[in-house]
Structure formats: structure tokens, C-alpha cells
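Comments concern the structure below.
Every number here is computed from the coordinates shown, using simple stated rules; none is lab data. The structure presented is a predicted model; accordingly, all values stated were derived computationally and were not measured. Neighbour counts are summed over all protein chains in view; Cβ atoms, including those assigned to glycine, are modelled from backbone coordinates with ideal geometry.
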Amino acid sequence: MPALPKGDRMKHTKAEDIPWEPAPADHFTGKVFFGPLSHATEKGLNALAVQFEPGARTDWHTHPDGQVLYVVNGAGLVQKDDGTTVEFSAGDVVYASPGERHWHGARPNSPMMHLSLTTGGATEWLADKVSDEEYNRHKA
Ligand code: MN
């Protein structure tokens, strides 16, 4: 095993100390909460737990280096740039390629929490919100 860089220190954050906060309403529809998991001094990886209430979803967006979503609980939807929608549930993994236009969120009748793992900087938000009409087209 290679030696860890000097200065690395383990950090343990108790569940109740994760600083959950409302997601920015200008980029989401419905109630969404962020639980930041990566420490501010950890450059490179942005690890975020994201809790969506039923029906809540992101706006259309892209990620400069792509995004791994790991679904912790509940059931959700992701829509791809070609218009197709994929349903996912706890334990599933969704990968969005760098620059791939998409949105994700909870199903209408289920909350959903996923981990979002990204590098490369901030989400690039597009102008389009996901209207109720568009979202409801994907109800199963
Ligand atoms: Mn995304």
C-alpha cells in the first residue's frame, strides 16, 4: 500500500451534525435538501446527499466532468437529452457523462435520496425548469 500523503487526517461527522440545508429554489422544483458529505478542504470531489420529496426534481442541467448518482432510498426518475426517461430505485447507480443534458428527481408517489458524486466544479444550470406537464408525462 502506498503511504498516505502527510497531513491526511480522518474526519468523522455524526449523522446529526451533517449540515442539511434547503436546495436553491431557483434550480429545483418541490422540496429538496442537500446534505454535504465532502469537507470543504477536500478539493476535487463534491459528495452530496440529496433528499427529494415526492414529485421534487432538478431543473435541466449538465456536469462538467459527469456525475455518479447512487440511489440510497426511494424511487426516482432521470430524463436524458434524447427525451427518454429511466426509472431507478434504491441501490441503483446512474452515470451522466460530461456535458450530458439531464434532470433527475423523485417519483410522484415516493421520496428519493441519492448521493451525487462529482468533480470538475459546479453544476451548469440550463434555462429550462421541468414543468408539471413535462414531469407528469413520465408518470408510470
Ligand atoms: Mn445531474
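Odds and ends about this structure:
- Scanning the stretch 62-78 for residues that are surrounded by 19 or more Cβ atoms within 10 Å (Cβ to Cβ) and either aromatic (Phe, Trp, Tyr) or within 11 Å of the ligand (Cβ to nearest atom) (or both) gives HIS63, GLN67, LEU69, VAL78.
- Candidates ARG57, ARG101, ARG107, filtered to the one that is among the basic types (Lys, Arg), closer than 24 Å to ILE18 by Cα and surrounded by 15 or more Cβ atoms within 10 Å (Cβ to Cβ): ARG57
- Among residues of the stretch 113-126 being touching a residue at least 60 places away in the same chain (Cβ under 8 Å) and out of contact with any Ser or Thr (no Cβ under 8 Å at 6 or more places or on another chain), the one that is surrounded by the most Cβ atoms within 10 Å (Cβ to Cβ) is HIS114.
- The residue pairs whose first member lies in the stretch 43-65 and is on the phi > 0 side of the Ramachandran plot and touching a residue at least 60 places away in the same chain (Cβ under 8 Å), whose second member is away from the ligand (no atom under 14 Å from the Cβ) and in a loop (DSSP other than H, G, I, E, B), and whose beta carbons are closer than 7 Å, counting only pairs six or more residues apart or on different chains, are GLY55/GLY30; GLY55/PRO108.
- Residue that is farthest from GLU124 (Cα to Cα) [pool: residues in the stretch 47-78 that are assigned to a loop (DSSP other than H, G, I, E, B) and touching a Ser or Thr at 6+ places or on another chain (Cβ under 9 Å)]: PRO54
- Positions within the stretch 23-41 being in a strand (DSSP E or B) and within 13 Å of the chain's Cα centre (by Cα), in sequence order: PHE28, VAL32, PHE33, PHE34, GLY35, PRO36
- Search result, residues across the stretch 79-118 that are away from the ligand (no atom under 13 Å from the Cβ) and in a loop (DSSP other than H, G, I, E, B): ASP82, GLY83, THR84, ALA90, GLY91, ASP92, ARG107, PRO108, ASN109, SER110, PRO111
- Odd one out for GLY44, checked against (1) part of a loop (DSSP other than H, G, I, E, B); (2) within 12 Å of the ligand (Cβ to nearest atom): (2)
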